[in-house]
1. With respect to residue 25, is the statement that it is of a type outside the set (A, V, I, L, M), at pLDDT below 70 and exposed (fewer than 11 other Cβ atoms within 10 Å of the Cβ) true?
2. I need every pair where a residue in the range 42-55 that is polar (S, T, N, Q) has its Cβ under 7 Å from the Cβ of a residue that is in a strand (DSSP E or B), sequence separation at least 6 or different chains.
3. Tell me which residues, restricted to the range 1-22, are part of a helix (DSSP H, G or I) and modelled with pLDDT of 80 or more.
4. With respect to the numbered conditions (1) among the charged types (D, E, K, R); (2) at pLDDT 70 or above; (3) out of contact with any helix residue (DSSP H, G or I) (no Cβ under 9 Å at 6 or more places or on another chain), which one is the sole condition not fulfilled by residue 64?
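The values are calculated or read from the model by the stated rules, or taken from the named source; none is laboratory data. All of these numbers come straight from a predicted model, not from anything done at the bench. Here the Cβ is made from the backbone with ideal geometry for all residues, glycine too, and neighbour counts use every protein chain on show.
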Amino acid sequence: MSSTWRNVFTYNKYSQITARAVRASLKEEHRVAGERRGLTALRFQHWENGQGGQQVLLSEQTAKESGKA
């Protein structure tokens, strides 16, 4: 019975659903802290000649690009 979710969901989808259910069941102050941890930050860097450049947060890059337009 414990593996019946495998027929319907991938493990990533299953863990996403259970995490959302746990966060929804928490008290307000704990729920807000949990939702903040659920946000994902993406970093990238350009590589040239085998050397990595400066790491840039994706949100910073999109803010720069939207400011130029």
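1. Working: of a type outside the set (A, V, I, L, M): yes; at pLDDT below 70: no; exposed (fewer than 11 other Cβ atoms within 10 Å of the Cβ): yes.
Here the answer is no, as residue 25 does not meet what is asked.
2. 45/52; 45/56; 55/43
3. Of everything in the range 1-22, those that are part of a helix (DSSP H, G or I) and modelled with pLDDT of 80 or more turn out to be 11, 12, 13, 14, 15, 16, 17, 18, 19, 20, 21, 22.
4. (2)
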